[in-house]
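Read the structure below first, then the notes.
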Amino acid sequence: MKEDTERASDIILTREDEELERLGYKQELKREFRSWSTISFATSIQGCVATIASTINTPLLLGGPATTIWAWFFGSFGGTALAISVAELISAYPTAGGIYTSSAFVIPSHLRPSVCWTIGWITLISQLATTASVNFATAEMILAAVVIGTDGSYVPTAGQTIAVYVGLNFAIGIFDSLPTKWLHKTAQVYAIFNLVGTVIVTVAVPVAAARSGTINPSTWVWGSIIDQTGYSNNPFAFFLGILSVAWVLTDYDGTAHLSEEIKNAALVAPVAIMWAVGLTTFFGFWLNVALMYGAGDLAALPGPTGMAFAQILWNNLGTAGALAIWILVIIVELLTGVVCQLACIRSIYALSRDRLLPDLRLLAKVSPLTKTPINASLFTAVIASLLGLLYLGSPVAINAVFSVTAVGLDVTYAIPTAFRLLAPLFPAWEVRYKPGPFSLGRWSYAVSAYAVAWTAFESGILVMPQVHPVSAQTMNYAGPILGFVILLSSLWYLLHARSWYRGPAGASVGDSRVPRTDSGSSSEAKRGAGKT
């Protein structure tokens, strides 16, 4: 029986290696991740309890309790639709490039190089911003624990925050350089920490508030939108609450970047994404509800920790109880940093091997010892650390970088989804998309259309200044930064890159690759793979 299982596994691996070659790439990484470790990895990208902890300030302090709850609820539908669209694309084309590589097969050949170039650069900046923002939040959480432990007598400095942050970047970078077998083994516990931590907070906060007699009334929790934006506009205050769910429910293709390290990736990776999104939306909703019942007086938030989530724990559970649970939240956020940084490393590896980066493919080199891209790991740690140094000059500067995370990633997902929707209307494009094993069938186009519409709406909200009047300190720089990345990358492409960049390696294969077969790779695919 065991021999039959091993034989079946070997057949899957051989078939996947051949399929990867047809997509234009050579199998260099080890396929060690299985179904559960992939689901656990994907769930940790969302982070739930930890990522809500680091983002709840926005919906709660700008829009009140009802905004926090209902913005999450309605935003979850848009996030889920976008996740489904991403899952379908990576199921059809599972590579370490994620949505960047998938884009090559749904974009017409005359637009493919320029659009893929832009998607690649937005992906790079957004993945680096994601890594930086998660690790920076972890550093702030660690120092918030010290604030709680000292009853507020300790006040962290910018230098101390950066020291912890830089240490985290390099420590995680070293860990993410381990052989994939070890990454697979450790990933299996990530989701357990995440879900256990979420359930504990969801139960502990309202129970403690009820016992102390400070629990908020249901009418206030479910029905109060409190506009503190300065715009005097309740609907706008409500929509700003989308930021939390948008930041938590993003980086869907982070799991896709591990596709070349997952067995049966065409099915396992998209299914893992859907499990992660389903668990996060459900548990995240009830976590938000629980926190609102224990939030107390909003005037007392965010408190000396600077984080409303931590202050709510402190107010309801006391120093010892809050510190115990907060440490668990920190562990979850640390694990989120591990998986987000790993996804960033693999995306850089993929972009480098396609010559999108001016690094002579140094970042695509795989260590013969660990069979992982150590150069890309070091590069990620260094660049993320340099981004953090902006905090020493101005908190506004670092927040500007972090603000790109959700809107940048979601835009890269919406672009190929939109092209896939439009392709049947333009036969001359000759886009021959064929779904992978994960597909909604006839419902796919309706869901994808909703995902694109949602992303357009969400992006408009996420680039708006959150408070009025707008100043240099309160300006939302996500839009200008994203626009600058698009402008600069476009100029680079027009002036130089278009003479040699043709898109992801398998792009030329995509013109003739109609059926997905299980036989060996074609000679045309081999020629396509050699054109990089």
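Here is how the numbers come out for the structure above:
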quantity: Criterion (out of contact with any Phe, Trp or Tyr (no Cβ under 9 Å at 6 or more places or on another chain), within 25 Å of Val199 (Cα to Cα) and not basic (Lys, Arg)) met by exactly one of Gly284, Gly318; calculated: Gly318
quantity: Residues satisfying the stated conditions in segment 477-501, i.e. within 13 Å of Leu357 (Cα to Cα) and surrounded by 13 or more Cβ atoms within 10 Å (Cβ to Cβ); calculated: Ser489, Trp492, Tyr493, Ala497, Tyr501
quantity: Residue in segment 46-59 that is closer than 30 Å to Glu260 by Cα and not in a helix (DSSP H, G or I) present; calculated: yes
quantity: Candidates Leu386, Leu369 - the one that is outside any helix (DSSP H, G or I) and free of Cβ contacts under 8 Å to residues at least 60 places away in the same chain; calculated: Leu369
quantity: Pick from segment 412-443, criterion in a helix (DSSP H, G or I) and in contact with a Pro (Cβ under 9 Å, 6 or more places away or on another chain), ranking: farthest from Ile119 (Cα to Cα); calculated: Gly441
quantity: Conditions (1) surrounded by 24 or more Cβ atoms within 10 Å (Cβ to Cβ); (2) outside any helix (DSSP H, G or I): number failed by Ser109; calculated: (1)
quantity: Test: Asp359 is over 30 Å from Ala376 (Cβ atoms), surrounded by fewer than 24 Cβ atoms within 10 Å (Cβ to Cβ) and among the acidic types (Asp, Glu); calculated: no
quantity: Answer from Ala96, Ala83, Ala139, Ala132 - the residue that is more than 25 Å from Ala266 (Cβ to Cβ), touching a residue at least 40 places away in the same chain (Cβ under 8 Å) and of a type in the set (A, V, I, L, M); calculated: Ala132
quantity: Selection within segment 247-264 - more than 17 Å from Gly120 (Cβ to Cβ) and assigned to a loop (DSSP other than H, G, I, E, B); calculated: Leu249, Thr250, Thr255, Lys263, Asn264
quantity: Residue among Thr43, Thr58 that alone is in contact (Cβ under 8 Å) with a residue 60 or more places away in the chain and buried (at least 24 other Cβ atoms within 10 Å of the Cβ); calculated: Thr43
quantity: Qualifying residues in segment 136-166 (those that are hydroxyl-bearing (Ser, Thr, Tyr) and more than 25 Å from the chain's Cα centre (by Cα)) - the one nearest to Gly318 (Cα to Cα); calculated: Thr150
quantity: Criterion: in a helix (DSSP H, G or I) and touching a Cys at 6+ places or on another chain (Cβ under 6 Å) - qualifying residue of Thr280, Thr202; calculated: Thr280
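Yes/no matrix, rows are residues, columns are (1) farther than 27 Å from Ala414 by Cβ; (2) in contact with a strand residue (DSSP E or B) (Cβ under 6 Å, 6 or more places away or on another chain); (3) modelled with pLDDT of 95 or more:
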residue	(1), (2), (3)
Val452	no, no, yes
Leu487	no, no, yes
Val514	no, no, no
Ser519	yes, no, no
Glu524	yes, no, no
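The values are calculated or read from the model by the stated rules, or taken from the named source; none is laboratory data. All values derive from a computational prediction rather than experimental measurement. No Cβ is skipped: glycine too gets one built from the backbone with ideal geometry, and neighbour counts run over all protein chains shown.
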